[in-house]
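Remarks on the structure that follows.
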């Protein structure tokens, strides 16, 4: 670097990204954002100050070394940038597209204190896409270890854990209940936001690491967690099954035929290809006028799917205001551009019957914001006498999920009062050798948080197995030394298993 | 895969899956996909053989997918995907005298329950109903594991004349001490069965088979009303208290995609006719 960059010398404007025209894109499932060109990416990479504090790294749930990869990108060492990212995150093309960067790396970016933050997500995606086109894969030298690791659920948490354990030399098998792997990336996030080819390409890298995938396998029912340890010979197990038990509205008319969960709508459309009915056999409920209840990312996806399937009118019904909407800012913006009509501060009180078992409309009440509640957000309160009906024929419920009960029903694992798996800080469950992370522990969160949990669990699993972990020394909070050994020394290994079986 | 055809529309598939055969319990179901573009179809497990490692499914060709399977699933072929066993196993509790009622296709999945109750030492009375004599199947299987078997046919061509409810009334009149009833069949039949036992206060379990996608509790498509609660049949069931189930709601929800189903069926039949494929039926292969 010739001269130190300052906030005044960097390009002041955030480089915009080309997108499909809203009027055109609502007619197709092709990706909305085209991503940066090389010139655009290089320009944007100039905006990183390379500040010594690196708040973005701390803001990233998987601690990608963001300044390092941006520097390499800026130096046109694209392959180097890819290797930096994939040292901690195997799915850059996925995460660049679906992470809520505005509350993570970009939210704490130093440049963002004065100007628009560096577009870290778009740069990550640029590198990820380039890797897919070029066929790069970061496959390090792997020293084999004699351990077998079972992963339950091929979603973001499970894949992140699988990658780390495979890199540690373990024989990793990922079990998935659906007929395709990917979890929420596959069934939940639509093609126009995350194309299937991107998932396939980045999942392919896991296979190159030697990870086995077993689809059509419902753990808990086909065999239990206990059996995985006791009979199937897994030394350790990670559970990343996701939350996935959708909440319904709980208002009259909830079970009418035109009411469905966003999970169902999205699964039909994405995983089962109902958008290509009748070429694929799974049908879609007919919808001309749709109300989607909720304003999270899932709700935005559901609305935009309905528009693409030919709905004339799509409403977003949300009981709080725009400021409290949990969706990524970009998703709300995109939905708005595409013509979704937002009904903020509106809460459904009844789904109306059309007389034939379908939906004839939705009765809502106006809300106003009161005092902050437990979540810190202002509590919505109904306004008396404000009932009004919206004329619609489909209601999509996207108000969150509860814990999936299958693992709880079939194992002795301790659960908390909401049915999520109880773990300690380091994601160990009540059963020795069994770890859990992602939505099944925390409740619904984001892809990258689940990946962060998968990696955190992997670290603990390596310690459990006694695998020498050069990335993260074994460290117990509050204990500086143990038996006179400094735990931060990188040579501390608890158990060494004879490697004769290798 | 082995196969047996009971009639023009009803066929049996025996699928080799040793691990699933080991795990399966009465009352559970599987989801199959016959090909990559197919639907996920929930099917109740009709039987399982732990030694041979097979899962038996009895399927009625009613829609496009099940008819397609009737043509494509022949001996030696394999399914694109089969996942299971799903759902909670039926609680084969402490009952000492049990009435197992199966109507039509429901006769198949009631069989492992009857056998399970028998193994638990209960006195088992099976009531199995069919439309007519030619559709009767598995009577000897029931006879080998039940203390009494009452066959009912709508036209009286075999066993007693009438629906399963007639057989149930007969059984209840003979035995005042029946303490549990399990009924599987079409929703109308299960509702009828629940109404027969209601005055006697006999606990009645029914097995529900609503529209499903994933079968793991993720989509909520299979939600049913039981008492004043909403349950997901795939993970909370599929067995529920028949006296509490809202059958009207169930039947309305089963008709959810009737328009699309008919359209798919029509399109498929036409394409078959164009391809001059005549469905092969009635040819037992085992």
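Quick look at the numbers
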| read-out | value |
| --- | --- |
| Estimated D of segment B:97-207 in µm² per second, where Rh is the Kirkwood radius over Cα pairs and Stokes-Einstein applies at 25 °C, 0.890 mPa s | 185 µm²/s |
| Segment residue A:27-residue A:39, length gained on full extension (0.36 nm per residue, minus Cα span) | 1.4 nm |
| Residues listed by number, segment A:57-89, amide nitrogen under 16 Å from residue A:5 label point at 7 Å toward C-beta | A:57, A:65-78, A:81 |
| Average other protein chain Cβ within 10 Å of Cβ, residues A:263-272 | 4 |
| Counting DSSP beta bridges with both ends in segment B:2-132, the antiparallel % (nearest 5) | 75 percent |
| Whole-Å semi-axes of the ellipsoid equivalent to segment A:295-348 (Cα gyration tensor, √5λ, descending) | 17, 12, 9 |
| Debye intensity ratio I(q)/I(0), log10, the protein assembly as shown, q values 0.08, 0.11 Å⁻¹ (C-alpha model) | -0.74, -1.29 |
| Bridge type composition, chain A - antiparallel percent by DSSP, nearest 5 | 40 percent |
| Cα gyration tensor shape for segment A:1-148, rounded if a/c is under 1.5, else prolate or oblate | oblate |
| Label-point separation in nm, residue B:269 to residue A:58, each point 7 Å along Cα→Cβ | 6.9 nm |
| Highest average packing first - B:105-113, B:178-186, Cβ atoms within 10 Å | B:105-113, B:178-186 |
| Helical mean residue ellipticity (222 nm; -39500 (n - 2.57) per DSSP H run of 4+; nearest 500) of the protein assembly as shown | -8500 deg cm²/dmol |
| Other protein chain Cβ atoms within 10 Å, averaged over every residue that makes up B:84-91 | 3 |
| Relative packing of A:294-302, A:459-467, A:365-373, which averages over residues the other C-beta atoms within 10 Å, highest first | A:294-302, A:459-467, A:365-373 |
| DSSP-defined beta bridges in segment B:97-207 - what % are antiparallel, rounded to 5 | 0 percent |
| Relative counts (whole %) of C-alpha pair distances in segment A:262-413, using bins that are 10 Å wide | 11, 35, 34, 16, 4, 0 |
| Cβ-derived FRET efficiency at R0 41 Å, residue B:229 paired with residue A:386, nearest 0.05 | 0.85 |
| Exposure proxy ranking, count of Cβ atoms within 10 Å, fewest first, for B:127, A:395 | A:395, B:127 |
| Segment residue A:75-residue A:323, extension gain: residue separation times 0.36 nm, minus the distance between their alpha carbons | 85.4 nm |
| Stokes-Einstein D in µm²/s, Kirkwood radius over Cα pairs - segment A:73-232 at 20 °C with 1.002 mPa s viscosity | 126 µm²/s |
| Segment A:262-316-segment A:208-247 distance, computed between alpha-carbon centres (Å) | 30 Å |
| Projected label distance in nm at residue A:337 and residue B:62, using a 7 Å step from Cα toward the beta-carbon | 4.6 nm |
| Principal-axis tilt of helix A:297-308 within chain A, Cα atoms, nearest 10 degrees | 50 degrees |
| Förster radius 56 Å - calculated FRET efficiency between residue A:114 and residue A:142 (Cβ-Cβ, nearest 0.05) | 0.80 |
| Reciprocal mean inverse distance between Cα atoms of segment A:235-280 - Kirkwood radius, Å | 13.3 Å |
| Extension gain, residue A:353 back to residue A:279 (0.36 nm per residue minus Cα-Cα distance, nm) | 23.5 nm |
| Shielding by other protein chains, B:240-251, mean Cβ within 10 Å | 1 |
| Per-pair calculated FRET efficiency, R0 = 30 Å: residue B:2 and residue B:147 via Cβ, rounded to 0.05 | 0.50 |
| Overall form of segment B:9-62 per C-alpha gyration tensor (a/c, 1.5; a/b vs b/c) | prolate |
| Degrees, to the nearest 10: A:447-465 long Cα axis against longest axis of chain A | 30 degrees |
| Alpha-carbon centroid distance for the pair segment B:79-105 / segment A:58-92, whole angstrom | 53 Å |
| Alpha-carbon centroid distance for the pair segment B:117-132 / segment A:93-166, whole angstrom | 57 Å |
| Alpha-carbon Rg with Dmax, taken over chain B, Å | 18.4, 58 |
| Overall form of segment A:49-131 per C-alpha gyration tensor (a/c, 1.5; a/b vs b/c) | prolate |
| For chain A: relative contact order, % (alpha-carbon pairs under 8 angstrom, 6 or more apart) | 15 percent |
| Burial ranking of peptide ranges B:4-10, A:131-137, A:171-177 (average Cβ count within 10 Å, highest at the top) | A:171-177, B:4-10, A:131-137 |
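Where a number appears in this text, it was derived from the coordinates with a stated rule and is not lab data. Predicted model, so just to flag it, every value in this text is computed and none were measured. All Cβ positions, glycine included, derive from the backbone under ideal geometry; neighbour counts span all protein chains shown.
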